[in-house]
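As structure tokens, the structure follows; a few thoughts come after it.
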Amino acid sequence: MNKQLKEKIAFSILTFTMLLVVVPTVLIIGFIVYKGIGTISWEFLTAMPRKGMTEGGIFPAIVGTLYLVLGTIAFALPLGIGSAIYLTEYATHGKLYKLIRLAILNLAGVPSVVYGLFGLGLFVLFLGFGSSLLAGALTLACLILPVIITASEEALKSVPQSYREASLALGATKWQTIQNVVLPHAMPGIVTGAILGIGRAAGETAPILLTVAAFFLPRLPKSFFDQAMALPYHLYIVSTQVPNMPEEIKYGVALVLLGIVGIFFAIATAIRIKFKMANRA
Amino acid sequence: MAKISVKDLNLYYGDFQALNNIDLKIEEKKVTALIGPSGCGKSTFLRTLNRMNDLIDHVKTEGCLCLEDQDIYDGDVDVVALRRRVGMVFQKPNPFPKSIYENVAYGPKRYGMKDKKQLDEIVERSLKEAALWEEVKDRLNKSALGLSGGQQQRLCIARALAMKPEVLLMDEPTSALDPIATAKIEELIMNLKENYTIVIVTHSMQQAARISDNTAFFLMGDLIETDKTQKLFTTPRDKRTEDYITGRFG
């Protein structure tokens with residue numbers, strides 16, 4: 001077989017695998033948009049559900065998901081970045097380090113329903129937060145911590161050692177070096193980790209089912225100790241638990257969930273680009 | 001007068017001994033060149049002088065290194081304070097991805113200086129000392145990464161000078177630069193020795209001969225010979241030094 005032919009075959013296979021990834025994604029999104037766009041109205045987005053959720057809007061579920069995502073990020077980001085800084089900048093690479101790394105990798109592989117059970121046991125029952133936004137956000141934070149730690153670690157490792165050396169050689173302390181040189185340079189990568197985390201936190205159903213979500217709660221949560229509705233769980237309910245649910249509401253809910261995740265992605269991407277520009281300046 | 005005196009210095013990377021019983025005095029306001037083939041320990045030695053080797057795991061340093069009358073490796077030495085007295089310039093120019101101004105002001109700011117006027121003065125003085133002021137004075141707020149390699153290296157020198165160090169360590173500062181940029185840095189070094197004690201590691205024997213007052217020749221972790229540069233290059237006492245400087249190996 002000659003080289004050109006091999007080249008063509010390799011190119012075709014790789015193009016095919018790329019299409020295999022892109023086409024279903026586009027189809028799924030396209031399908032949901034097509035089926036759901038008709039449902040989206042001002043009322044659907046801002047009104048309380050009525051008549052066993054078959055009419056009215058999904059406002060409490062949207063607000064619940066927003067609160068959950070923000071709460072999750074508020075817990076997971078500082079904790080995750082802090083752990084990553086410790087692991088890359090301070091920890092000596094001994095047995096303990098390897099054990100911690102192994103634990104993080106394993107955590108990333110734990111099924112989300114197990115996190116839900118853990119959250120139920122620890123936050124809801126043992127710590128007495130009850131079924132609440134707080135318990136849900138903490139549980140989701142545990143779920144996305146491995147993602148954020150791993151991404152932040154990679155980002156920190158990619159900061160050239162020569163920057164650290166230059167800073168330390170100028171008489172800066174280690175913490176000053178991390179603050180002024182290492183973190184700014186690692187920020188785009190850390191934000192990428194946060195983006196991935198947000199995507200997961202917004203879309204997970206099992207953990208919130210056990211820790212926060214209400215089946216039907218036509219009012220907004222007043223505090224972090226309140227139960228709340230949330231989009232993924234609401235989607236599950238309207239799709240399987242309520243008889244005679246109009247088809248378009250299901251797709252409407254799915255589309256709103258996609259939209260919210262999309263908006264978070266867009267914000268995070270904008271932050272990422274801003275940090276990248278700052279690094280170049 | 002000896003600015004830095006080193007006695008019985010031994011350094012180990014784990015089980016491997018990288019420096020053996022080094023004795024060396026570094027004269028104040030002179031240029032001391034460290035020469036020798038790759039892997040001879042000259043960079044390792046340089047990095048003991050501001051304790052940059054502390055950053056590497058499993059490094060053990062024994063012996064006496066004194067900066068004037070202070071033992072550098074004494075348990076209660078403030079490494080941060082030491083590095084303000086002993087500045088360093090690296091092999092590859094490594095400006096921060098910040099503006100030219102912010103690069104020079106980096107050290108003083110970390111030291112706690114906030115006064116804008118004082119900082120402006122330091123930036124101007126340091127850039128002038130590093131012979132870079134005229135080239136960059138109109139674009140202090142532009143990124144340092146837009147400078148040429150030679151300019152970047154002079155910026156790194158300015159950045160180190162901003163801390164008013166007493167000693168300036170240079171680890172092959174011109175090895176990544178073209179001959180013209182190299183000539184500028186060499187000229188700069190000869191001017192700087194009026195005010196600073198300079199220790200420079202170099203691969204180029206011509207460079208050592210051109211700019212240094214004293215030269216120390218390292219081989220396989222041993223300090224073979226040290227003398228006035230002129231003397232070491234014309235009448236070396238040790239056969240190995242002679243072989244090296246006449247290009248028979250290395």
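The local environment of B:Asp213, defined by Cβ-Cβ distances under 12 Å, has a net charge of +3 under the rule Lys, Arg +1 and Asp, Glu -1. Using the Cβ-Cβ distance between A:Thr269 and B:Tyr111 with R0 set to 35 Å, the FRET efficiency from 1/(1 + (r/R0)^6) comes to roughly 0.40. For a modelled paramagnetic label at B:His203, 7 Å from Cα along Cα-to-Cβ, the residues of the stretch B:80-116 in reach, with backbone nitrogen under 13 Å, are B:91-92.
Between B:Glu135, B:Glu172, B:Glu186, the GNM of chain B built on Cα springs shorter than 10 angstrom shows B:Glu135 fluctuating the most.
The residue among B:Val104, A:Val63, A:Val159 whose Cα reaches farthest toward the positive pole of the charge dipole of the protein assembly as shown, with charges on the beta-carbon of Lys, Arg, Asp and Glu, is A:Val63. Computed over the protein assembly as shown, the per-residue total of -39500 (n - 2.57) for DSSP H runs of n ≥ 4 gives a 222 nm mean residue ellipticity of -17000 deg cm²/dmol, rounded to 500.
Need the list of aspartates and glutamates near B:Lys231 for cross-linking: C-alpha distance under 14 angstrom, and skip anything on the same chain fewer than eight residues off. Within the straight-line cut-off, B:Lys231 pairs with B:Asp213, B:Glu242.
What you get for the stretch B:2-245, charging only the Cβ of Lys and Arg (+1) and of Asp and Glu (-1), is a dipole of about 820 debye around the Cα centre. Entry note, chain A: relative contact order of 27 percent, from Cα contacts under 8 Å with a spacing of 6+ residues.
Can you pull the Rg over Rh of the protein assembly as shown, Cα-only, Kirkwood? On the Cα set of the protein assembly as shown, Rg over Rh gives 1.13. Farthest towards the positive end of the charge dipole of the protein assembly as shown, among the residues A:Phe275, B:Thr234, A:Leu210, is the Cα of A:Leu210, using unit charges on the Cβ of Lys, Arg, Asp and Glu. Rounded to 0.05, the FRET efficiency of the B:Lys92 and A:Thr46 pair, given R0 = 60 Å and the Cβ-Cβ distance, is 0.55. Listed cross-link partners B:Lys92/B:Lys142; B:Lys3/B:Lys128; A:Lys274/B:Lys164; A:Lys276/B:Lys98; B:Lys92/B:Lys117 are compared with a 23 Å cut-off, the Cα-Cα value being larger for B:Lys3/B:Lys128; A:Lys274/B:Lys164; B:Lys92/B:Lys117.
Couplings for the stretch B:236-244, taken from phi via the Karplus curve 6.51 cos²θ - 1.76 cosθ + 1.60 with θ = phi - 60°, read x, 7, 9, 4, 5, 4, 4, 4, 5 Hz in order; Gly and Pro are left as x.
Protection proxy ranking for A:22-28, B:25-31, using the average of other Cβ atoms within 10 Å per residue and placing the highest first: B:25-31, A:22-28. Taken along the Cα-to-beta-carbon direction at a fixed 7 Å, the label points for A:Gln241 and B:Asp238 span 8.2 nm. Between B:Asn195 and B:Glu135, the simple label model (points 7 Å from Cα in the Cβ direction) yields a spacing of 1.9 nm.
Near B:Pro108, once Lys and Arg are set to +1 and Asp and Glu to -1 for all other residues with Cβ below 12 Å from its Cβ, the sum equals +4.
Shape class of chain A from the Cα gyration tensor (axes a ≥ b ≥ c, square roots of the eigenvalues): oblate, since a/c reaches 1.5 or more and a/b does not exceed b/c. On C-alpha positions alone, give me the angle between the axis of helix A:95-109 and the longest principal axis of chain A, in degrees, nearest 10. Approximately 30 degrees, to the nearest 10. Farthest towards the positive end of the charge dipole of the stretch B:2-245, among the residues B:Gly87, B:Ser38, B:Gln152, is the Cα of B:Gln152, using unit charges on the Cβ of Lys, Arg, Asp and Glu. Using θ = phi - 60° in the Karplus curve 6.51 cos²θ - 1.76 cosθ + 1.60, the 3J(HN,Hα) couplings for the stretch B:37-49 round to x, 4, x, 7, x, 5, 5, 4, 4, 4, 6, 6, 6 Hz; x is entered for Gly and Pro. Based on Cα contacts under 8 Å between residues 6+ apart, chain B shows a relative contact order of 28 percent. Near A:Thr211, once Lys and Arg are set to +1 and Asp and Glu to -1 for all other residues with Cβ below 13 Å from its Cβ, the sum equals -2. The gain in end-to-end length when the A:Glu55 to A:Thr17 segment is fully stretched comes to 9.5 nm, 0.36 nm per residue minus the alpha carbon separation.
Ordering B:117-123, A:187-193 by mean Cβ neighbour count within 10 Å, with the highest value first, yields A:187-193, B:117-123.
Only the Cβ atoms of Lys and Arg (+1) and of Asp and Glu (-1) were treated as charged; on that basis the dipole of the stretch A:57-280 about its Cα centre amounts to roughly 520 debye. For the pair B:Glu124 and A:Ala108, a Förster radius of 60 Å applied to the C-beta separation gives a FRET efficiency near 0.70, rounded to the nearest 0.05. Relative to one another, the C-alpha centroids of the stretch B:179-250 and the stretch B:79-129 are positioned 28 Å apart. Under 5 Å between amide hydrogens, built in the peptide plane, is the criterion, and for B:Met88 it picks out B:Leu169 among residues at least 5 positions away or on other chains. About its Cα centre, the stretch B:97-187 has a charge dipole of approximately 540 debye under the convention of +1 per Lys or Arg Cβ and -1 per Asp or Glu Cβ, with nothing else charged.
Every number here is computed from the coordinates shown, using simple stated rules; none is lab data. No experiment lies behind these values; they were computed from the predicted model shown. Cβ coordinates were reconstructed from backbone atoms using ideal geometry, including for glycine residues, and neighbour counts include every protein chain displayed.
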